[in-house]
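The values are calculated or read from the model by the stated rules, or taken from the named source; none is laboratory data. The structure displayed is predicted, hence computed values, not measured ones. Here the Cβ positions follow ideal geometry from the backbone for every residue, glycine too, while neighbour counts run over all protein chains shown. Only protein heavy atoms, including side chains, enter the accessible area calculation; ligands, DNA and RNA are left aside. Shrake-Rupley method; radii C 1.70, N 1.55, O 1.52, S 1.80 Å.
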Amino acid sequence: MKRKIALLIGATFIIFSCGKDDVVTKTSPYSLIRPDYFPEITYPLENNPITKEGFELGKKLFNDPRLSLDNSVACSNCHVKGVAFTDPQHNPSVGIFNQIGTRNAPMIANMAFQSEFLWDGGVSHLDFVPVFAIENQKEMGEELHHVVYKLNKIPEYAPLFKAAFPGIDTITSPYMLRAISQYMLLLVSDKSKYDRVQKGEDVFSASELTGKAVFDQKCAACHSGALFTNYEYMNNGLDLVFMDVGRELISALASDLGKFKVPSLRNIMLTAPYMHDGRFKTLDEVLEHYRSE
Amino acid sequence: MKQLNFFKHNKSFYSVIFLTLAIFMVSCKKDSDKKDPGNIEIEFDNIAVVNGIERQLTLVSPGSTDYGYTNGMSQTFNINLLRYYITNIKLEGPNGEVFTDHVHVSSSGTEGIYLVDEAQPSSGSVILDNVPAGEYNKITFTVGVEENGVTEGAAGGNLDPATCKMFWNWNSGYIALKFEGQSNVSAGGTTGTETLEGVTKGIAYHIGGWKTIDGTAFVYNNKTMSFTFDTKAKVEKGLQPAVHMVFDVIKLFSSKNLIDFTGNNNVHKPVDGKPAAENIPGAFAFDHIHQ
């Protein structure tokens, strides 16, 4: 009899701990698919494996204005989904208390393949870009530790963080930042006509081919490859006097004065205004600049 | 047959075997005792050497005009805040002993990266465990967080960018050493974590820069240094010697380059922090060991 009871207790214990384990460790992996004509993935996915739960949490954080000082500005205010995650209305971007920033919000797509971020490349890991946005006086004006404090006070977040990062008991900044990265990593732009042609599913029209020939000759030195950027810092002749020192801020090299990261040209029809300070409203203005250069 | 006989009947033979075995066992035990690793404490004590006398530091509130220290250019100053990272600690001994502290960075915490904060006295004490038994007379460490601390991504513990107050968001990476205070010769206008804009006579030295980018003047300001002890720290199970290192804040401004508080006193970029960074190795010294 005693033995039976012991067995029973043992069994329930096993069942119990099994059940508990199950609840704690179940996340569903999401995979990031790299088209074979894309550059290599630069993000260290092994440190932050993408899961459904992490992605969903990141998406919620990205759209939550409570990440800003006056609870008015979310990442999605300046990186709007419908226009390839850029800021269509503002030139440059507008942050908290309607303050105008000095730079134009870039498109957020194909971040998994990029190794330096911002127009000057100052940030060298995707996880750290939101720290810049949150703490920038003219963007979200918050302090990271205060955002973490706020998130810990919002009841809906605790279960979402626990689901995305099993085993944690309080929300800390690395988990918040890694969740936002998981969301951004899956924003992959690879469904354009260019991509269909690359995959052999479509062909360029005659006029497209003419455009491509000009592009290959005049533009592809900088806007190269499947992402239309060589990720280098260049001066495309916008100014002689620089309001924004650009890459020089990071490299401390006089010859980098006024150089900016060559932007990807994917979704270019949607990402107006153009250039680091958003000076051109239309692509015609951009082409006029290159024509007169 | 003869031998068998011998085995069967020679009692003294058995006792010899027994004895040898016993000795073997005892010496074995002694041996493994000797090999049992122990702990060692490395203490980083911030001081100011004034007129040849080591003084403990006194922190004052931002804006204070109570200038207790004098730099190498006879300019007086005080201190609001002093913090720095220590990592990659390595100990060596004269008989080939080597201990390399394990460095690991993850979202749940960090190992082997220590943040010494003058405002938190206990932060200066680093306890290393599982150090192989032996004698040590040399320490090597790095001031600043190396590339692996950044490329791992958002990290917790001492590297949590929300709490460490040592993170540069515009040029992502960790500040190696942060000093803020006031000097009577500063025109003010500095910005810092504590020395805020508007505080007159502020001086702020945020020394950092871990990137080494080919073809740029980007400045690498982390410093690795070694010190030899004049005595040896004996480590084994049950012993916890304490190696006492000092950091002289006066030398931060004078050991190699004389820092002038009238200009370049609002340092927030690698290139601006280079002269003070070069003073860091000369500001540390081995002091003594408590066995």
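Tally up the residues in region B:88-115 that are within 14 Å of chain A (Cβ to nearest Cβ) and more than 21 Å from the chain's Cα centre (by Cα), please.
2
Looking only at residues in region A:46-82 that are hydrophobic (A, V, I, L, M, F, W, C) and open to solvent by 30 Å² or more (accessible area, probe 1.4 Å), which one is farthest from A:Ser173 (Cα to Cα)? Walk me through it before giving the result.
If we filter region A:46-82 for residues that are hydrophobic (A, V, I, L, M, F, W, C), which is where we start, we get A:50, A:55, A:57, A:61-62, A:67, A:69, A:73-75, A:78, A:80.
Checking which are open to solvent by 30 Å² or more (accessible area, probe 1.4 Å) leaves us with A:55, A:69, A:80.
Working: A:Phe55: 16, A:Leu69: 16, A:Val80: 24 Å.
The residue in question is A:Val80.
Just for region B:104-117: of the residues that are part of a loop (DSSP other than H, G, I, E, B) and open to solvent by less than 40 Å² (accessible area, probe 1.4 Å), which one is modelled with the lowest pLDDT?
B:Ser107
Considering A:Glu135, A:Glu143, which residue is under 19 Å from the mean Cα position of the chain (by Cα), at the interface with chain B (Cβ under 9 Å from one of its Cβ atoms) and free of Cβ contacts under 8 Å to residues at least 12 places away in the same chain? Give the steps one after another, and end with the answer.
Numbers: A:Glu143 fails: under 19 Å from the mean Cα position of the chain (by Cα).
Answer to the selection: A:Glu135.
In region B:260-285, which residues are in a loop (DSSP other than H, G, I, E, B) and open to solvent by less than 50 Å² (accessible area, probe 1.4 Å)? Break it down stepwise before answering.
Step one: of region B:260-285, the residues in a loop (DSSP other than H, G, I, E, B) are B:260-265, B:268-269, B:278-279.
Passing the criteria: B:Phe261, B:Gly263, B:Asn265, B:His268, B:Asn279.
Counting just the residues of region B:140-155 that are crowded, with 20+ Cβ neighbours inside 10 Å and part of a helix (DSSP H, G or I), which one comes out farthest from the other protein chains (Cβ to nearest Cβ)?
So the residue we want is B:Gly149.
For residues that are in contact (Cβ under 8 Å) with a residue 24 or more places away in the chain and either assigned to a loop (DSSP other than H, G, I, E, B) or open to solvent by 70 Å² or more (accessible area, probe 1.4 Å) (or both), scanning just region B:71-80, find the one that is nearest to B:Lys178 (Cα to Cα). Even if it seems obvious, please write down each step before you answer.
Initial filter on region B:71-80 (in contact (Cβ under 8 Å) with a residue 24 or more places away in the chain): B:71-73, B:75-80.
Narrowing further to those that are either assigned to a loop (DSSP other than H, G, I, E, B) or open to solvent by 70 Å² or more (accessible area, probe 1.4 Å) (or both): B:71-73, B:75.
On the way: B:Asn71: 17, B:Gly72: 19, B:Met73: 21, B:Gln75: 20 Å.
It comes out as B:Asn71.
Name the one entry in B:Tyr67, B:Tyr85, B:Tyr136 that is over 20 Å from the mean Cα position of the chain (by Cα) and touching a residue at least 40 places away in the same chain (Cβ under 8 Å).
Numbers: B:Tyr85 fails: over 20 Å from the mean Cα position of the chain (by Cα); B:Tyr136 fails: over 20 Å from the mean Cα position of the chain (by Cα).
Being over 20 Å from the mean Cα position of the chain (by Cα) and touching a residue at least 40 places away in the same chain (Cβ under 8 Å) holds for just one of B:Tyr67, B:Tyr85, B:Tyr136, which is B:Tyr67.
Quick one: count up the residues across region A:169-186 that are part of a loop (DSSP other than H, G, I, E, B) and either more than 14 Å from chain B (Cβ to nearest Cβ) or touching a residue at least 24 places away in the same chain (Cβ under 8 Å) (or both). Show your work before the answer.
Within region A:169-186, the subset part of a loop (DSSP other than H, G, I, E, B) is A:169-172, A:186.
Those still in the list that are either more than 14 Å from chain B (Cβ to nearest Cβ) or touching a residue at least 24 places away in the same chain (Cβ under 8 Å) (or both) too: A:172, A:186.
Qualifying residue count for the region: 2.
Could you tell me whether any residue of region A:277-293 is under 20 Å from the mean Cα position of the chain (by Cα), part of a loop (DSSP other than H, G, I, E, B) and at pLDDT 95 or above?
Taking region A:277-293 and keeping what is under 20 Å from the mean Cα position of the chain (by Cα), we get A:277-278.
After this cut, where a residue has to be part of a loop (DSSP other than H, G, I, E, B) as well, the list is A:277-278.
Now narrow it down to the ones that are at pLDDT 95 or above: none.
Taking every residue of region A:277-293 in turn, none turns out to be under 20 Å from the mean Cα position of the chain (by Cα), part of a loop (DSSP other than H, G, I, E, B) and at pLDDT 95 or above.
Could you please find all residues in region B:156-165 being at the interface with chain A (Cβ under 7 Å from one of its Cβ atoms) and either closer than 18 Å to A:Gly121 by Cα or open to solvent by 30 Å² or more (accessible area, probe 1.4 Å) (or both)?
Of region B:156-165, the ones at the interface with chain A (Cβ under 7 Å from one of its Cβ atoms) are B:156, B:160-163.
Answer for region B:156-165, where residues must be at the interface with chain A (Cβ under 7 Å from one of its Cβ atoms) and either closer than 18 Å to A:Gly121 by Cα or open to solvent by 30 Å² or more (accessible area, probe 1.4 Å) (or both): just B:Thr163.
Determine, yes or no, whether A:Ala158 is over 29 Å from A:Thr102 (Cβ atoms) and either outside the structural domain of A:Thr42 (by TED's automatic domain parsing) or open to solvent by less than 40 Å² (accessible area, probe 1.4 Å) (or both). Please lay out each step first, then the result.
Values: over 29 Å from A:Thr102 (Cβ atoms): yes; either outside the structural domain of A:Thr42 (by TED's automatic domain parsing) or open to solvent by less than 40 Å² (accessible area, probe 1.4 Å) (or both): no.
Spelling it out, it is not the case that A:Ala158 is over 29 Å from A:Thr102 (Cβ atoms) and either outside the structural domain of A:Thr42 (by TED's automatic domain parsing) or open to solvent by less than 40 Å² (accessible area, probe 1.4 Å) (or both).
Restricting the search to region A:33-78, which residues are aliphatic (A, V, I, L, M), farther than 17 Å from A:Ala164 by Cα and either in contact (Cβ under 8 Å) with a residue 40 or more places away in the chain or within 14 Å of chain B (Cβ to nearest Cβ) (or both)?
Keep residues of region A:33-78 that are aliphatic (A, V, I, L, M), which gives A:33, A:41, A:45, A:50, A:57, A:61, A:67, A:69, A:73-74.
Still in the running and farther than 17 Å from A:Ala164 by Cα: A:33, A:41, A:67, A:69, A:73-74.
A:Ile33, A:Ile41, A:Leu67, A:Leu69, A:Val73, listed by residue number.
Quick check on this structure: which one of A:Ser224, A:Ser189 is part of a loop (DSSP other than H, G, I, E, B), among the small types (Gly, Ala, Ser) and open to solvent by less than 30 Å² (accessible area, probe 1.4 Å)? Lay out the reasoning, then the answer.
Values: A:Ser224 fails: open to solvent by less than 30 Å² (accessible area, probe 1.4 Å).
Residue meeting the stated conditions: A:Ser189.
Taking the conditions exactly as written (closer than 20 Å to B:Glu92 by Cα and in contact with a strand residue (DSSP E or B) (Cβ under 6 Å, 6 or more places away or on another chain)), does B:His268 satisfy them or not?
Values: closer than 20 Å to B:Glu92 by Cα: no; in contact with a strand residue (DSSP E or B) (Cβ under 6 Å, 6 or more places away or on another chain): yes.
Judged against the criteria, B:His268 is not a match.
Would you check which residues across region B:166-203 are within 12 Å of chain A (Cβ to nearest Cβ), surrounded by fewer than 18 Cβ atoms within 10 Å (Cβ to Cβ) and either in contact (Cβ under 8 Å) with a residue 12 or more places away in the chain or touching a His at 6+ places or on another chain (Cβ under 6 Å) (or both) and list them?
B:Thr191, B:Thr193
So, B:Ile127, is that one more than 14 Å from every other protein chain (Cβ to nearest Cβ), farther than 30 Å from A:Ser124 by Cα, modelled with pLDDT of 95 or more and open to solvent by less than 30 Å² (accessible area, probe 1.4 Å) or not? If you could, list the steps in order and put the result at the bottom.
Details: more than 14 Å from every other protein chain (Cβ to nearest Cβ): yes; farther than 30 Å from A:Ser124 by Cα: yes; modelled with pLDDT of 95 or more: yes; open to solvent by less than 30 Å² (accessible area, probe 1.4 Å): no.
The answer is no for B:Ile127.
Specify which of the listed residues (A:Pro155, A:Pro166, A:Pro159) is away from chain B (no Cβ under 12 Å), out of contact with any Gly (no Cβ under 7 Å at 6 or more places or on another chain) and not in a helix (DSSP H, G or I). Please lay out each step first, then the result.
Working: A:Pro166 fails: away from chain B (no Cβ under 12 Å); A:Pro159 fails: not in a helix (DSSP H, G or I).
The match here is A:Pro155.
Check A:Tyr183, A:Tyr149, A:Tyr175 and return the single one that is aromatic (Phe, Trp, Tyr) and in contact with a Lys or Arg (Cβ under 8 Å, 6 or more places away or on another chain). Give the derivation first.
On the way: A:Tyr149 fails: in contact with a Lys or Arg (Cβ under 8 Å, 6 or more places away or on another chain); A:Tyr175 fails: in contact with a Lys or Arg (Cβ under 8 Å, 6 or more places away or on another chain).
It is A:Tyr183.
Working carefully through the options A:Pro273, A:Pro263, find the one that is surrounded by 14 or more Cβ atoms within 10 Å (Cβ to Cβ), out of contact with any Ser or Thr (no Cβ under 7 Å at 6 or more places or on another chain) and not assigned by TED's automatic domain parsing to the domain that holds A:Leu118.
Only one candidate passes the filter, namely A:Pro273.
Quickly run through region A:243-260 and pick out the residues that are assigned to a loop (DSSP other than H, G, I, E, B) and either open to solvent by 60 Å² or more (accessible area, probe 1.4 Å) or not assigned by TED's automatic domain parsing to the domain that holds A:Arg279 (or both). Step through it out loud before you land on a result.
As a first pass, look at region A:243-260 and keep what is assigned to a loop (DSSP other than H, G, I, E, B): A:243-245, A:247, A:252-253, A:257-258.
Listed by number, the residues that qualify are A:Met243, A:Leu257.
Kindly check whether there is at least one residue in region A:192-199 that is within 20 Å of the chain's Cα centre (by Cα), facing chain B (nearest Cβ under 9 Å) and open to solvent by 30 Å² or more (accessible area, probe 1.4 Å).
Step one: list which residues in region A:192-199 are within 20 Å of the chain's Cα centre (by Cα), which gives A:192.
Filter once more, keeping what is facing chain B (nearest Cβ under 9 Å): none.
No; the residues of region A:192-199 include none that is within 20 Å of the chain's Cα centre (by Cα), facing chain B (nearest Cβ under 9 Å) and open to solvent by 30 Å² or more (accessible area, probe 1.4 Å).
Return yes or no: is B:Ile203 assigned to a strand (DSSP E or B), at pLDDT below 95 and farther than 20 Å from B:Leu91 by Cα? First the steps, then the outcome.
Values: assigned to a strand (DSSP E or B): yes; at pLDDT below 95: yes; farther than 20 Å from B:Leu91 by Cα: yes.
So B:Ile203 passes the test.
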